[in-house]
1. Regarding S170, is this residue outside the structural domain of E104 (by TED's automatic domain parsing) and without any contact (Cβ under 8 Å) to a residue 24 or more places away in the chain?
2. I want to confirm something. Restricting to the stretch 8-43 and keeping residues that are hydrophobic (A, V, I, L, M, F, W, C) and not in a helix (DSSP H, G or I), which single residue is modelled with the highest pLDDT?
3. If we keep just the residues of the stretch 182-196 that are part of a helix (DSSP H, G or I) and in contact (Cβ under 8 Å) with a residue 40 or more places away in the chain, which is farthest from D296 (Cα to Cα)?
4. Out of the residues in the stretch 207-234 that are modelled with pLDDT of 85 or more and part of a loop (DSSP other than H, G, I, E, B), which is farthest from A285 (Cα to Cα)?
5. Could you check Q162 against (1) modelled with pLDDT of 90 or more; (2) not in a strand (DSSP E or B) and say which number it fails?
6. Return yes when V150 is within 32 Å of the chain's Cα centre (by Cα), among the β-branched types (V, I, T), assigned to a strand (DSSP E or B) and under 18 Å from C211 (Cβ atoms) and no when it is not.
7. Show the residue pairs meeting these rules: Cβ distance below 6 Å; 6+ apart or different chains; first residue within the stretch 25-48 and assigned by TED's automatic domain parsing to the domain that holds G63; second residue crowded, with 16+ Cβ neighbours inside 10 Å and hydroxyl-bearing (S, T, Y).
8. Of the residues L331, L252, L290, which single one is in contact with a Ser or Thr (Cβ under 6 Å, 6 or more places away or on another chain) and over 19 Å from K69 (Cβ atoms)?
Amino acid sequence: MLDDRKTAILRAVVEEYIATAQPVGSAHIANNRDLAVSSATVRNEMAALEREGFLTHPHTSAGRIPTDKGYRFFVDNLVPNGVLGSLEQAKVGSFFESAHFRLEETLQRTSMLLTQLTNYASVVIGPTVEIAVVRSVQLVRLSSHHLTVVVVLSNGSVENEQIEIGQDISDSEIDQANAKLQKLMITKPLRDVAAHRTTNQKSGDATAALCEKVLSSLDRTRNDETFFVGGVAQMAEAFDAVEIVRNVLHTLEQQYVVVTLVRDMLNRGLSVAIGAEHGVEPLSACSVVLAPVVADGETVGTVGVLGPTRMNYPQALATVDLVSDRLSRRLTEN
């Protein structure tokens, strides 16, 4: 651990660099911070912090900038419990009070909201169809040989499958199968279809064969995560080096890379990954702040922001936490 003086100086350098994006000199810290030490003492302590890997100095500049290790110490030990200003809180509250859209539109607008509040790129991953709850299921006869099953889900999406039948199935049998499917499926997640098949097979009633055709047509793995990245233009403005901008923008276009990054971070219990910590080399100049989206006690998605390593961590953490909480509540209500 760092002693109190080194800690105070490191904090001052990180906060100043986040605010100005300019290397920070010892004289500036000594003159503008209540440290009660000389510029020479600050210079010596900054040199020690550099030797220990918390600071570095770019090129021939006399000033220092934080390293990933310095930012990590700042986030883990020095970041205050960030609270958004009243205007930002009101904006988030107003957004979710009026967010009566289909799921995909709500998530897309949430990504835009995160970017507006932080000026960083945003990442929003919503619930898959697998965990959506069945609101309605209906069998409809198309012809003497075909039925269609229409399933309406809590996330606003609709699934339908065509089923081939024999001519001897009557409208009465279809009505009975409808009633049984509604009893089995409504208010249950779509992923429970396999369990419904087992229950149906054990029933052995007159509609079991027809219901098995319906359920088997719906019993498949779905990997259609709802995914949005917003604020890519803001990321282009966050870096001076063209090569870094090119790498970052190219990586953000690859959905599977970003989804893998998010999953890996959450699996490791990370809410903040700084620089190389997240393991995606083209984004090594970036930090990621994430929070889970929880509905009915289950993690169903993720929200987060991605910005330069000198991002405003207190603001980013407070924003992501608040938006995550409000989106969680919205999805639970739905």
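The values are calculated or read from the model by the stated rules, or taken from the named source; none is laboratory data. Fair warning: this is a prediction, and the values are worked out from it, not measured in the lab. Using ideal geometry, Cβ is built from the backbone for each residue, glycine included, and neighbour counts are taken over all protein chains shown.
1. Yes; evaluated as a whole, the condition is true for this residue.
2. V24
3. Filtering the stretch 182-196 down to residues part of a helix (DSSP H, G or I) leaves 182-185, 190-196.
Then drop every residue that is not in contact (Cβ under 8 Å) with a residue 40 or more places away in the chain, which leaves 182, 185, 190-191.
Working: Q182: 22, M185: 18, L190: 15, R191: 16 Å.
Top of the filtered list is Q182.
4. By that ranking, first place goes to T207.
5. Tallying (1) modelled with pLDDT of 90 or more; (2) not in a strand (DSSP E or B), Q162 fails exactly one: (2).
6. On the way: within 32 Å of the chain's Cα centre (by Cα): yes; among the β-branched types (V, I, T): yes; assigned to a strand (DSSP E or B): yes; under 18 Å from C211 (Cβ atoms): yes.
So V150 fits the description; yes.
7. S39/S26; V42/S26; R43/S26; M46/S26
8. Working: L331 fails: in contact with a Ser or Thr (Cβ under 6 Å, 6 or more places away or on another chain); L252 fails: in contact with a Ser or Thr (Cβ under 6 Å, 6 or more places away or on another chain).
The conditions single out L290.
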